[in-house]
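Reading through the C-alpha cells given below for one structure.
Only the coordinates and a few stated rules stand behind these numbers; no lab work does. Predicted, not measured: the structure shown is a model, and the values here were computed from it. Because the Cβ atoms are built from the backbone with ideal geometry, glycine has one as well, and the counts that use them run over all protein chains shown.
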Amino acid sequence: MHERRYHRPVERLRDPERVGRLQVSRVVDLVLEGLQAGSALDVGTGSGLFAEAFAAKGLRVGGVDAEAEMIHAAEGFVPDGAFKVGTAEDLPFPAGEYDLVFLGLVLHETDDPFQALQEAGRVARLRVAALEWPYRDAEFGPPLSDRLPETRVREMAARAGLSALGPVDLGGVALYRFDRINK
C-alpha cells in the first residue's frame with residue numbers, strides 16, 4: 001500500500017524553485033475565493049507549506065501525512081496546527097471538522113483517489129480543493145502515467161458528492177475546487 005508516497009528529504013519540499021512553481025500564495029487565495037472559512041485541513045501536508053500559508057491567513061489549521069517525519073517537520077513550521085499521521089483515504093478527523101480540506105499534490109499519490117476525495121468531502125464542511133499536476137508531459141513533476149486526467153478528477157469528485165467550480169490551470173500545476181453539494 002501507498003507505494004507512490006513521497007520518499008525524498010523534507011528540505012526538498014521547501015526548495016525555493018519548487019515553492020515558486022507551486023505558487024503557494026496564489027493557490028491559497030484561489031482556494032479561499034468566495035469562501036468564508038475559519039479552518040483548513042492540509043492533506044499530505046509534508047513540511048506544512050500550505051498549512052503555514054493558510055495559518056498566515058488567520059485560519060485554524062490541521063494537517064495529515066502518512067509519514068511521521070513529515071508531521072514533525074510541519075509542527076516545526078506551524079506550532080499551533082493540529083497534525084496527525086494518517087492517509088488521505090482514512091482521515092483521522094470527524095465529519096465536518098474543517099471548513100476547507102486541501103490536497104496539495106497528493107491525490108495522484110493515493111492508492112484510491114476516489115476514496116481520498118470522498119474522505120475529504122466527509123471532513124470538509126464547505127469546500128475541497130486539490131492541487132495537482134496537469135495531465136501532460138512536463139519537465140517537472142511525476143511522469144504522465146502518474147498524473148490524473150481532468151475528466152477523471154471531475155468524475156470522482158461528482159461521485160463523492162462534490163460540485164466542481166472549474167479547474168484553474170496555473171501553468172505547471174492545476175487547481176481543482178469543489179464545493180460540497182449537501183452543505
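Of the residues 62, 126, 108, the one whose Cα sits farthest towards the positive end of the charge dipole of the chain is 126 (charges of +1 on Lys and Arg Cβ, -1 on Asp and Glu Cβ, taken about the Cα centre). Distance between the modelled labels on residue 18 and residue 152, one decimal in nanometres: 2.3 nm (7 Å Cα→Cβ projection). Placing unit charges on the Cβ atoms only, positive for Lys and Arg and negative for Asp and Glu, gives the stretch 35-128 a dipole magnitude near 500 debye about its Cα centre.
Beta bridges per DSSP, both residues in the stretch 58-166: antiparallel share near 10 percent.
Checking every one of the chymotrypsin sites (Phe, Trp or Tyr not before Pro) in the stretch 114-151 against DSSP loop status and a limit of 10 other Cβ atoms within 10 Å picks out 140. Normalising the average separation of contacting C-alpha pairs (under 8 angstrom, six or more residues apart) by the number of residues puts the relative contact order of the chain at 18 percent. Counting pairwise Cα distances across the chain, what percent come out greater than 20 angstrom? Cα-Cα pairs in the chain separated by more than 20 Å: 47 percent. For a bin width of 5 Å, list the pair-distance distribution of the stretch 53-153 built from all Cα-Cα distances, rounded to whole %. With 5 Å bins starting at 0, P(r) equals 2, 12, 21, 23, 19, 14, 7, 1. When only the Cβ of Lys, Arg, Asp and Glu is charged (+1, +1, -1, -1), the dipole of the chain relative to its Cα centre reaches about 500 debye.
Computed over every Cα-Cα pair of the stretch 81-126 and binned at 10 Å starting from 0, the pair-distance distribution P(r) comes out as 29, 61, 10 percent.
Placing unit charges on each Cβ (+1 for Lys and Arg, -1 for Asp and Glu) gives the chain a dipole about its Cα centre, and among 142, 161, 73 the Cα reaching farthest toward its positive end belongs to 161.
In the stretch 107-183, the inverse of the mean reciprocal separation of distinct Cα atoms equals 12.6 Å; this is its Kirkwood hydrodynamic radius.
Rounded to the nearest 5, the antiparallel percentage of DSSP beta bridges internal to the chain is 40%.
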